[in-house]
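One structure below.
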4 protein chains.
Amino acid sequence: MSSSFGRLFVVTTFGESHGPGVGVVIDGMPPGIPIEISEIQHELDRRRPGQSAITTQRKEADQVEVISGLFEGVTLGTPIAMLVRNTDAQSKDYDALKNVFRPGHADYVYFQKYGVRDHRGGGRSSGRETVGRVAAGALAKKALDSVGVTVVGGTVQVGAVKAVRRDWEQVEKNPVRAPDARAAEEMERAIAEARDRQDSIGGVVEIVARGVPPGWGDPTMAKLDAALGAAMLSIPATKGVEIGGGFGMCELHGSQTNDVFDGQRFLTNFAGGISGGISNGAEVVVRVAVRPATSIGKPQTAATQEGGTTTIEIKGRHDPCICPRVVPVAESMMALVLMDAWLRQRALRGERG
Amino acid sequence: MSSSFGRLFVVTTFGESHGPGVGVVIDGMPPGIPIEISEIQHELDRRRPGQSAITTQRKEADQVEVISGLFEGVTLGTPIAMLVRNTDAQSKDYDALKNVFRPGHADYVYFQKYGVRDHRGGGRSSGRETVGRVAAGALAKKALDSVGVTVVGGTVQVGAVKAVRRDWEQVEKNPVRAPDARAAEEMERAIAEARDRQDSIGGVVEIVARGVPPGWGDPTMAKLDAALGAAMLSIPATKGVEIGGGFGMCELHGSQTNDVFDGQRFLTNFAGGISGGISNGAEVVVRVAVRPATSIGKPQTAATQEGGTTTIEIKGRHDPCICPRVVPVAESMMALVLMDAWLRQRALRGERG
Amino acid sequence: MSSSFGRLFVVTTFGESHGPGVGVVIDGMPPGIPIEISEIQHELDRRRPGQSAITTQRKEADQVEVISGLFEGVTLGTPIAMLVRNTDAQSKDYDALKNVFRPGHADYVYFQKYGVRDHRGGGRSSGRETVGRVAAGALAKKALDSVGVTVVGGTVQVGAVKAVRRDWEQVEKNPVRAPDARAAEEMERAIAEARDRQDSIGGVVEIVARGVPPGWGDPTMAKLDAALGAAMLSIPATKGVEIGGGFGMCELHGSQTNDVFDGQRFLTNFAGGISGGISNGAEVVVRVAVRPATSIGKPQTAATQEGGTTTIEIKGRHDPCICPRVVPVAESMMALVLMDAWLRQRALRGERG
Amino acid sequence: MSSSFGRLFVVTTFGESHGPGVGVVIDGMPPGIPIEISEIQHELDRRRPGQSAITTQRKEADQVEVISGLFEGVTLGTPIAMLVRNTDAQSKDYDALKNVFRPGHADYVYFQKYGVRDHRGGGRSSGRETVGRVAAGALAKKALDSVGVTVVGGTVQVGAVKAVRRDWEQVEKNPVRAPDARAAEEMERAIAEARDRQDSIGGVVEIVARGVPPGWGDPTMAKLDAALGAAMLSIPATKGVEIGGGFGMCELHGSQTNDVFDGQRFLTNFAGGISGGISNGAEVVVRVAVRPATSIGKPQTAATQEGGTTTIEIKGRHDPCICPRVVPVAESMMALVLMDAWLRQRALRGERG
C-alpha cells in the first residue's frame, strides 16, 4: 500500500534501481482514451538521465513496454502495466558502499526499517522509481486533456537565482527547464559551478494546472492542497511545498490575501486556485522545494553498518541539481492528483464532474 | 472517504458548524490504552474559541462525549466515536450571507461542487471541523506516549515577527503559543493591531516530534514527508509546509545540507528527521504556513449566488490570527501521522516496529 | 478500517451494545438527495427488537438522530453521522458472564484478539452494531431509487421449511418476513417450537435487486459477487452466501447453466444477474445462510476466562430465529454494495454510469 | 483499485489473456522472507493448462519472472512485481467471435461497462488473470509458513460425486485434485463424460487453513468470513461460498451448532474456525461453489454486438471442469486473506499478532 498513490486513479510503482527493471500499474484509467506509446516515451525522455551537460551522464534508454490495458491504441479501462528495463546498472560501482550509509541518503533508514537492503544504487530509494510515475503521468495528462485540463511546469529557482518570468514555452528550450530564458542562463552557470566543485545545489520547481473547473477536490482530509502536498513531498529530495501565495502570505494581512472574485474570475490568486480544499476555477499553482542532491563527490564522513565511521567520495555520475529532472515528475504528480479529483467529482455528481 | 485520514489508524470527522454537532470516529486504536475523558477535554480546551483577547470571542464549551470504544477507562480496540454538540451557533448572523460568497472562503466552491450548501458559518468548511481532529489527536498522543514519542508545537512567526528560541515550555504561558517569551509579546502586539484594524494576519506554526525511532514511514508514495504534507495542508487556512531545512535549502549546497551521521546521532537536521521518507531517529520537524484569516471586518467586494457583486463587512467574532488555535490541531495531525506510521511498521516487522 | 464498508460510498459503524449508543458515518453520499428522518426510522423499526412473538422481547426504541450531512431535508454531500442511544441495556444481566465465554459467541476470540473486552451483551460483537448499517441502508435505498434501482428481500427458508413463492408484497405481512404466505405459517411454527424448547433455528434469507443496469461492478478482485460475498458474510451469524444458481449449479452442466441472452434479456438467471463480476441487467439475486442463533436457554458447557469450564443457561430475551431481523440488514448491505458500484461506474464513464 | 485485494498485504493483478503478458504486484510483503523462484513456479505449474486429459490442452509454460522486491534470495519489503508472458495466445481463434457475446461469458457486460473490449480470449475476464494470484499466493504461503500456518485444498465435489474423506496427501496424486482417492476416480469419469459430450460440469472446492492462532480477523465489516467471501467470489466461475457448517446449518438448531469449547479446543467446528469474524484457533474451513465452465462445444444461441442472435460452437481447448485448476487459486486467495489478517493483528498488538 505504501507504493500506491490515489484512491480512484490508483498508481502503483515497483522496482529497484539495479534490479531487472522498474515500472508501474495504473488502475482506474477510464476506457476509450487514445494513447500512443510514443507519447509515453516522450515524457520518459524528459526524465531520463544524460540529457545535457548539467544532468547525470548515466545512459539509460528507458524504453517503455506496455504490458496490459491498451488494445488497438485505446485504453481498455483495465489495469495498465508498464515496464522499463534497467540497462545501465553498473552495480559494481556500489560494492565499496555495501556497508556504508551514504550521508543524506536513505541507506541507514532502509537498514533500520527492513533489516535487509539492496545497497546497489539506492535500490528502491533511488530516483529511478519515478520512471513509473512519469509513465503514469503521461496517461493522466492525456485523459485530462480530453476535459481541457493541461499541466505545465518548470524550474523557477536554483540557488539564489530566481526566474522572474513565467514563459512556459521556454521550458524545453533550456537545459534547466526554466520558464525564463535569461534566468535559465544564470541557473545553468550556478549548476555548472556546483558540479565543478564536486558539489550540488538546490532549487524550486513550480507546477501550474490550467483549465481545472471549480468543484474538484474535497473538503477536510482530502483537500486538493493536501493531495498536492502528499504528491509533491513523495518525490525524492523534496522538502517543502506551497500553494499559491504559500509561505509568503505569513507576513501579510487578510485584506491583502483574500482573492477578490467578481463573479466571473479571481483578480488575484493567493489561494493558488484552491479554496477550502476545492478548485475555484483559477490556475492551480504549486511550488516545490528541491534540496541539493545528496550524492556529491566531495569527501564526506559516513557511518558504517558496523557502527563506526569512514570517509567516502561518491564516484559516479550524479545530478548536480535535480530540478530539471524533477519537473516532469512533479508535473506527473500534479496530473495524478487531478485525475483522481476529476473521477471523484464525476462519481459525486455524474457527467458534470 | 474524503473525510478520513490514515490507513491503519483511520480518523473520520463529521459535522457542520451550525448543525447539531461535530465529531470523529477513530478506527484502529490499539486496545488497552488507558485514557481519561479529561485528557481529551484538555486538548479540546486548547483549541476552543474564547481563550484570550486575541482569539475569537465566541463561547463554545466544546464538551466531548465518548460514545464508544472505551470501557472502564481503557480503549477496547473497537471504533472510538466522540461527539461535541454545537451550542453557540448563532445561525441568524449568517442570514444576510445566504446568497453571498465570502472572499477567501469556501462558499463559492461548495456551491459549485455540491449544488447545495449549508451557508451558516461555513458549514462543513468551518474550522470547527478540527474539533474531531483534536479529540483524535489526544488519543493518538496518549498511545504514542506509551512508546516514548512526544509531540510539541508552537507559533514561530506572526507577520514579520519570528521566534528565535524554541523553548517549548513557554508555549502555554502566552496567548500566541510561541516557544519564545520575548517574541510572543511582539507577536501579540501584531495580532492586536490587525484586529483593531478589522484585519487579520498570517504566521507559521512549527511542530516537533521527539523520540521517533528510525524506521517509521515508507518509501516512495507514502513517505513520512508526504503524509505530513497531506496532514498539514488538510488543516483549514494552511498553504505551505516544509520539513527540516525546507525551502531554505534551495539556496544551499549538498555539502552544507547532507546531515552528518556519526553512527550514533545526526550532527545537523536539515532532513527534519526523515530520510528517503523514513524516520532517521532525529527530531521530526515540520513548519506550516498559515494564511491570514479570511473572515475580516473590513469592507470587501463579494460575488453573489446570482452572479453579481456586493460589498460586505463580516460581523461577528473571528480570529485575527489563527496560529494560536492551529497549534493543537497541527500537533494532532502530527500525532495521527505518527500513529499510522507506528502501526504500519509494527505490521511489517512485529514488536520491533 | 475494520469497521468501514465500501470504497466510494464508505459506511463506518461504531458502538457497543451496552455503551452509550451505536451509530454510523456515511462518507460519499451524493448531494441533493431528499430524505426524511421518518424514512430512516422506518427501516430501523423493521430491524428493532420486540416486533413480534418470535423475536426477542427486548424493548429498544432505536430512535435515530441525524448529527450531520442533512440540511433543509436534503443531503449536503458531506458525511452523514447518525446516532441511536442504547436505552434498554440491562447490563446487570451479564455480570454472571463476565468471565465466561458463551458457546458460539465471540467472547473468547475478542479476549484473544484484544486482551480486553466489554463483556456486556457481546459489546461490539452484538447484532446491535447492525443498527448503523440499516440507517445507512435507508439512505442508500433512497439514492438508488433515484436511478430506478430497488431492493427487496425476505426469509426463504427456516429449518426444513422452504418458501416456494417469491411474492415480495407478502414480506411485511407476516412476522417471519417470508415472500410466501403459506410457508410463512409453517416457518413461524418452526420458530415457536425452537423457542419453546429454549433452542434456536437457522434459515436462509434472499435479497433481490431490480433495475440494476448492465455495467455495474468490476472485473477480478472487486467483482460484484465478491462485494456481495463480503457484504453478506459481514452480517453476524451468516455462514454462507450464493449468487443466482449458487451451490445448486455444482451438480449441473454448462449447457444447462449458461443463461441464454436473446439480445434483449436473459431467458434464465443462473448467473444471478452478474457475469464476470459485472451486472448484466437481470435481477441481482443473493441468498444468505443464517446459522441458528447462538444465544439459547438450554444448559451448555462453556469455557471460563480462567481456563476451566462451567455450565450456563443464557437468560434473557433472545431471538429464536434471526432471519426476520436479518432481512432489513441484508437488504441494506445489498444497497451499500450497489451504491458503491453505481458511483464507481459513474466515475469511470460519467453520467452513463 | 478494482484489481487489488487486501489492505496491508495488497495484491494487484494486471494483464489480458492475449496481450503481452499477465502479472502481479505485491505491496506489503514483510522483509527477510527467503523464497526461491522455483517455489513460485511450482504453484504456477499447479494452475497452468495442459496438466492432464481432463484439463484444457492449451500449452502455456507460464514461466514467471520476478522484476523487483527480491534480492539475494530474500524479500526486501518493497513491492514484488512478477510477470508471465503470454506465449500460446492463438488470437486468430477469436476472430469469428469479435462481435458475438458468448453465453455465460463476460463479453456482453464488458462491452456495456467499458464501451470497448479486447475480445480475444475474454481479455481481462479470462481465468488467465489468476496467474498473478497464484504467484502472490506462493509468497503468502511462504510467509505464513514462518508462523506455522499452512493452507491445503482440494476438489470435494464434481456433479453429484462427493468426496467422503479429507486425505489432503491424495490431492496431488489424482488429476481432479480430490482428497479422496476413490471419489477421485468417479469424479474423473464424470468430467470425461461431460467433455466427451462437448459439455462441462460444476463442482465444489474446499480450502482448509491449519495453525491459525485465535485473534486474526476483525469484527463487523472486515470479518474473516467476509474477507474469505470476497476472496473466493472474486475467482472466476465461483457462485457460492460457505464457512464451516455453511448452508447445512440452516436446517439445524443452536443446541446442535454451538461448538463446545473445553478451554483447550473446540469439539466441533460448525463455525469453520471463525467466531464473530475472528479466528478461534480451530481449522479455518471454506467451501466454494464452482459453476460449470461456460466455454462449451455444444451449439448455443448467442447475442451479437449488433443486437441480433447467432448460433455458435466454441472451438478450442477448454476445461470441462474448472475445479482442479481452481484449487491452487482458492488456496492462494485463502493465503492472501490470512496474510492480511496476520499483519493487521500484528499492527494491533505487536509481535503477539
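The values are calculated or read from the model by the stated rules, or taken from the named source; none is laboratory data. This one's a predicted model, so the numbers in the text were calculated from it and none came from an experiment. Here the Cβ is made from the backbone with ideal geometry for all residues, glycine too, and neighbour counts use every protein chain on show. Heavy atoms of the whole protein, side chains included, go into the accessibility calculation; ligands, DNA and RNA do not. Shrake-Rupley method; radii C 1.70, N 1.55, O 1.52, S 1.80 Å.
Global size of chain C: 20.6, 65 Å for Rg and Dmax (C-alpha atoms, Rg to one decimal, Dmax whole). Rounded to the nearest 0.05, what FRET efficiency do A:Gln264 and B:Arg317 have when you use their Cβ-Cβ distance and R0 = 41 Å? Computed FRET efficiency for A:Gln264 and B:Arg317: 0.80.
Rounded to the nearest 20, the size of the Cβ-charge dipole of the stretch A:143-189 about its Cα centre is 160 debye, with Lys and Arg at +1 and Asp and Glu at -1. Its Cα centre serving as origin, the stretch B:20-79 has a Cβ charge dipole (Lys and Arg +1, Asp and Glu -1) of approximately 340 debye. Assuming charge only on the beta carbon of Lys and Arg (+1) and of Asp and Glu (-1), the dipole of the stretch B:63-187 about its Cα centre is about 380 debye to the nearest 20. For the pair B:Gln305 and B:Arg189, label points projected 7 Å from Cα toward Cβ lie 4.6 nm apart. Entry for the stretch B:207-353 at q = 0.11, 0.17, 0.19, 0.22 Å⁻¹: log10 I(q)/I(0) = -0.55, -0.96, -1.12, -1.37, Debye formula applied to identical alpha-carbon scatterers, no solvent contribution. Across the copies of the chain, C:Lys315 has label points (7 Å from Cα along Cα→Cβ) spaced 6.2, 7.7, 8.4 nm apart, shortest distance listed first. Shape class of the stretch B:38-93 from the Cα gyration tensor (axes a ≥ b ≥ c, square roots of the eigenvalues): oblate, since a/c reaches 1.5 or more and a/b does not exceed b/c.
Shielding by partners for peptide A:274-284, expressed as the average number of C-beta atoms from other protein chains within 10 Å of each residue's C-beta, is 5.
Output the DSSP H helices from chain B with an along-axis C-alpha extent of no less than 30 Å and a mean Kyte-Doolittle hydropathy no less than 0.0. TM-like helix candidates: B:323-349.
Buried accessible surface for the C/B chain pair comes to about 3100 Å², total over both chains, computed with a 1.4 Å probe. Starting from the label point of A:Glu65 at 7 Å along Cα→Cβ, the same points in the other copies fall at 0.4, 6.2, 6.2 nm, in ascending order.
Just so you know, the Rg over Rh for the stretch B:290-353 is 1.35, from Cα atoms, with Rh as the Kirkwood radius. If R0 is taken as 22 Å, the Cβ-Cβ distance between B:Asp45 and B:Val74 corresponds to a FRET efficiency of 0.45.
Determine the shape class of the stretch C:111-221: with a ≥ b ≥ c the square roots of the Cα gyration tensor eigenvalues, call it rounded for a/c under 1.5, and otherwise prolate if a/b is greater than b/c, oblate otherwise. Oblate is the answer for the stretch C:111-221, as a/c is 1.5 or above yet b/c matches or exceeds a/b. With label points set 7 Å from Cα along Cα→Cβ, the inter-copy distances at B:Glu169 are 6.3, 7.3, 8.1 nm, sorted shortest first. For the listed residue pairs A:Lys141/A:Lys223; B:Lys113/D:Lys113; B:Lys98/B:Lys315; C:Lys113/D:Lys223; B:Lys223/D:Lys142, the alpha carbons are over 23 angstrom apart in B:Lys113/D:Lys113; B:Lys223/D:Lys142.
Dividing the summed helix terms, -39500 (n - 2.57) for each DSSP H run of n ≥ 4, by the number of residues in chain B produces a 222 nm estimate of -8500 deg cm²/dmol to the nearest 500. Of the residues D:Val208, D:Ala302, D:Ser125, the one whose Cα sits farthest towards the positive end of the charge dipole of chain D is D:Ala302 (charges of +1 on Lys and Arg Cβ, -1 on Asp and Glu Cβ, taken about the Cα centre).
Dividing the Cα radius of gyration of the stretch C:72-165 by 2.2 N^0.38 Å, with N the residue count, gives 1.54. Projecting the Cα atoms of D:Val24, D:Gly104, D:Phe71 onto the dipole axis of the stretch D:11-118, where Lys and Arg carry +1 and Asp and Glu carry -1 at the beta carbon, places D:Gly104 farthest toward the positive end. Classify the stretch C:179-243: rounded, prolate or oblate, from the alpha-carbon gyration tensor (a ≥ b ≥ c, eigenvalue square roots; a/c under 1.5 rounded; otherwise prolate if a/b is larger than b/c)? Oblate shape, in that a/c is at least 1.5 and b/c is the bigger or equal ratio.
In percent, rounded to a whole number, the relative contact order of the stretch A:175-306 is 36, using alpha-carbon pairs under 8 Å and six or more apart.
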